[in-house]
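The values are calculated or read from the model by the stated rules, or taken from the named source; none is laboratory data. Bear in mind that the values here come from a model prediction, so they are computed numbers and not experimental data. Ideal geometry is used to build each Cβ from the backbone, glycine not excepted, and the neighbour counts take in all protein chains shown.
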Ligand code: ATP
């Protein structure tokens, strides 16, 4: 029965570094979708962007510090234990195996990532394993590219209750209450310029970045 099925979310990213835009969105998406658990999963080698300056293990450490004791959020290192590029399809297949066929599995992405979804590895197959929830993100309001409209087809539903009727295959647009125009690029830029990042990311994360001297050398490639 749908009311008893476990609801599990996955939020992948580079988290280079984790910031309040990620964390507040994760918390609010968890609430909006009624998720029992939300896996936040750093990618070691994101297929569609350059190599991050800070190692995957270090980004995972920052993510773990950022989450702290937040109920329901879980820093998941599974992609670091896998060889080769980090494809979300492989992660969803793993999660589906772990939680079983009845679990409601939801991949959560920001609107900027959604705009490029049609280029992802095995994009259509993602829907065999999970729903997709797309978070609005300030500064990103572009029209959907044609191939994205084709990919989504008639999958879009209104509201979490409709989405959770089935284990996978739906798409839901999420407009969360506290949208934040924070990006990791902006944080890396400020750190590279020796400027303050206070209140953009959790204090423990800011402290660890300072102690380890991460992101001191910003280059234009990071923009
Ligand atoms: P960068 O600036 O380095 O590209 P980022 O801040 O966009 O990084 P990612 O690690 O690439 O962070 O993001 C992981 C996921 O979180 C993506 O789906 C992205 O769209 C989403 N996301 C990131 N920042 C926000 C934000 N401020 N609000 C909502 N979603 C966000």
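Show the residue pairs that are 6+ apart or on different chains and have beta-carbon atoms under 9 Å apart, the first residue being within segment 171-194 and more than 9 Å from the ligand (Cβ to nearest atom), the second being modelled with pLDDT under 95 and part of a helix (DSSP H, G or I). What qualifies is 189/222; 192/222. Identify, by number, the condition in (1) farther than 15 Å from residue 10 by Cβ; (2) out of contact with any helix residue (DSSP H, G or I) (no Cβ under 7 Å at 6 or more places or on another chain); (3) surrounded by 14 or more Cβ atoms within 10 Å (Cβ to Cβ); (4) at pLDDT 95 or above that residue 165 doesn't meet. Only one criterion in (1) farther than 15 Å from residue 10 by Cβ; (2) out of contact with any helix residue (DSSP H, G or I) (no Cβ under 7 Å at 6 or more places or on another chain); (3) surrounded by 14 or more Cβ atoms within 10 Å (Cβ to Cβ); (4) at pLDDT 95 or above is unmet by residue 165, namely (3). Those residues that are loosely packed, with under 14 Cβ neighbours inside 10 Å, on the phi < 0 side of the Ramachandran plot and part of a loop (DSSP other than H, G, I, E, B), I need them from segment 126-150; list them, please. Within segment 126-150, 138, 141, 142, 143 meet the criteria. All conditions in (1) more than 19 Å from residue 17 (Cα to Cα); (2) touching a helix residue (DSSP H, G or I) at 6+ places or on another chain (Cβ under 7 Å) hold for residue 84, with the sole exception of (2). Can you name every residue in segment 7-23 that is more than 8 Å from the ligand (Cβ to nearest atom) and more than 18 Å from residue 190 (Cα to Cα)? 7, 8, 9, 10, 23 - these are the residues of segment 7-23 that are more than 8 Å from the ligand (Cβ to nearest atom) and more than 18 Å from residue 190 (Cα to Cα).
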